[in-house]
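Reading through the C-alpha cells given below for one structure.
The values are calculated or read from the model by the stated rules, or taken from the named source; none is laboratory data. Worth saying up front: this structure is predicted, and the values here are computed from it rather than measured. Please note: Cβ atoms are built from the backbone with ideal geometry, for glycine as well, and neighbour counts cover all protein chains shown.
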Amino acid sequence: MAESPTAGAPLDVSRIGWAIRVIAGRTPWRSMCLEQAIAAKVMLRRRRVPNTLYLGVARGPSAGEPPMIAHAWLRSGTVQVTGGAPVDQYAVVSTFADAPERAVRPTGTVQKTH
C-alpha cells in the first residue's frame with residue numbers, strides 16, 4: 001500500500017501509455033485495464049521510472065449492471081499512464097509502487113523499498 005512520488009517523471013511516460021493502448025487493440029487475447037497497467041508497469045520498471053499501479057472499485061451505474069465495477073490504472077509522476085476513465089470515482093483498494101529510492105505511504109509516512 002505504498003505510492004511512488006508525484007514529482008515529474010524523468011521521461012515522457014505518456015508515450016508508453018499511448019503504445020500500450022495501440023497494442024492492446026491489436027492483441028488476439030484480452031487486454032483490459034489490468035493487463036494494460038501491468039504491461040506499462042513492467043516497461044517503466046525496466047527503465048527505473050517510479051510508478052504506482054492502483055486497483056479500485058466503484059458501484060455499478062444502474063440496475064441490471066454488476067453492483068461493483070473493478071478498475072486498474074497506472075500513474076507515474078502526475079501522469080495517468082493507463083486506465084483512461086476518470087479514476088476519482090473509484091475507491092482505491094490497493095496500490096503497488098515501484099520507486100528506485102523511496103515510496104510514500106498513503107498516510108504520508110516514508111518507507112524504504114527494496
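Here segment 39-60 is the region considered, the condition is being among the aliphatic types (A, V, I, L, M) and surrounded by fewer than 16 Cβ atoms within 10 Å (Cβ to Cβ), and the residue that is nearest to the chain's Cα centre (by Cα) is 42.
Is one or more of the residues making up segment 55-68 closer than 14 Å to residue 2 by Cβ and at pLDDT 95 or above? Checked against the condition, which is being closer than 14 Å to residue 2 by Cβ and at pLDDT 95 or above, segment 55-68 yields at least one hit.
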